[in-house]
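K.L.:
Sharing a structure with you now.
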Amino acid sequence: MAKIIPEKEIPSLASELTKTHTVYAPVIKGDETVFSEINDSAEIALNYSQTPLPPKMYFLPANEELFKVVDDELQKAGGIKPFIVFLNLKDLKAVNYLDKIMQKEPADTFYLQRRSVSTLVATTESAVGSHNGSDLTLEKRNNSTYLAHSFTEKGNKILKSSLFKEAPIPEKSAQEPLPNHFDELLLDSGLLAQAVEWSRENSPSTWEALGKICLSCGICTYVCPLCFCTSTEDKTSIDGSECTRCRKWDACTLPRFAQVAGGHNFRPTQKDRYYNWFYHKFVRAYKEFGQAQCVACGRCQKYCPAGIDIEKILTRLVEDYKKAHTKKT
Ligand code: SF4
Ligand code: SF4
């Protein structure tokens, strides 16, 4: 016997969970699906493909006060209420990757504290095998039923809800999503790393052209579920009795990101900055973690005001790299 839940009961599950947790889930607002805190009446958009802002904002807020010093006394930020995030498998994969990044020494204790009080509930149409990094995954089996897979104690607690029923595993008739071209490109992170690194010297026109189009607005970084750069600043009260350490999202594509005291900028041009964004995601991340820092969610290309499409850029770089290396052999 397995635990199943009818699709129409999932909003009720979410509102039941709001009694003990803050609950965030994708909901439809106007023409967009966005992450939002759930209240009693919200419908959850279980099969969303993209939201403008990714769920990283719940673990790494866009603006946050880390601690303050008042009259020479350290005051830590207040505790965080346990929270639950409903998310799809790509966003889940991104959170799992961010966990690895943030656990690396020096660990980001502020991020990890939020993760320790959070529960991840993934929804998917794909067959679920071993532990996928969620606490609970709801697998769509047919048009009306989800099968629950719990992987942790937090997941088991949710399964205690009377909305889940014991039943034989329902036949699977929900269609498995097919991998798209972008997903397939990411399967060979090593090749992407070689192609991007090779292009710096061997295809400078690519980066010059992109440097002319890129507006250095930083949107691609803010919407990316895996970009994590922040800047910190201390805000001091006028009488000097209180100082608050704050951090906020930053972006390596912004003009002053690599500027240092004295005014020198290590990446003064858009071309340098945009290449650096690629380098970090596809070369440095591969060298550090063995995989590209991208889950093919498509947010950066959808929301880029200049229409820059990283899937097309990567495809071209890989083709050029392969051509150049075929000629040599
Ligand atoms: S969103 Fe587009 S225009 Fe803005 S920094 Fe990123 S690539 Fe450049
Ligand atoms: S597609 Fe763009 S936004 Fe999505 S993970 Fe990859 S780089 Fe980030």
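The values are calculated or read from the model by the stated rules, or taken from the named source; none is laboratory data. None of these values were measured; they are calculated from a predicted model. All Cβ positions, even for glycine, are placed from backbone atoms using ideal geometry, and neighbour counts span all protein chains on display. All accessible areas refer to the heavy atoms of the entire protein, side chains included, with ligands and DNA or RNA removed. Shrake-Rupley method; radii C 1.70, N 1.55, O 1.52, S 1.80 Å.
K.L.:
Would you pick out the residues in segment 199-229 that are in a helix (DSSP H, G or I), out of contact with any helix residue (DSSP H, G or I) (no Cβ under 8 Å at 6 or more places or on another chain) and either outside the structural domain of R299 (by TED's automatic domain parsing) or within 14 Å of ligand 2 (Cβ to nearest atom) (or both)?
P.N.:
Within segment 199-229, Y222 is the sole residue that qualifies.
K.L.:
In addition: Go through segment 130-157 and give me each residue that's within 12 Å of L89 (Cα to Cα) and open to solvent by less than 40 Å² (accessible area, probe 1.4 Å).
P.N.:
G133, S134, L136, T137, L138, E139
K.L.:
Let me confirm something: among A14, A94, A2, which residue is in contact with a Pro (Cβ under 8 Å, 6 or more places away or on another chain) and crowded, with 19+ Cβ neighbours inside 10 Å?
P.N.:
Only one candidate qualifies: A94.
K.L.:
Going by the conditions given, is F110 over 30 Å from R316 (Cβ atoms), open to solvent by less than 40 Å² (accessible area, probe 1.4 Å) and aromatic (F, W, Y)?
P.N.:
Here the answer is no, as F110 does not meet what is asked.
K.L.:
Let me ask you something else. Among (1) in contact (Cβ under 8 Å) with a residue 60 or more places away in the chain; (2) surrounded by 21 or more Cβ atoms within 10 Å (Cβ to Cβ), there is one condition E125 misses while meeting the rest; what is its number?
P.N.:
The number of the failed condition is (2).
K.L.:
Mind checking which helices (runs of 4 or more DSSP H) fall wholly inside segment 251-312 and carry at least 1 residues that are within 13 Å of L192 (Cβ to Cβ) and either within 11 Å of ligand 1 (Cβ to nearest atom) or under 18 Å from the mean Cα position of the chain (by Cα) (or both)?
P.N.:
270-278, 285-289
K.L.:
Something else about it: For segment 9-118, give me every one of the strands (runs of 3 or more DSSP E) that falls completely inside it and has 1 or more residues that are among the β-branched types (V, I, T) and under 29 Å from C220 (Cα atoms).
P.N.:
Qualifying strands (runs of 3 or more DSSP E): 22-29, 32-37, 83-88.
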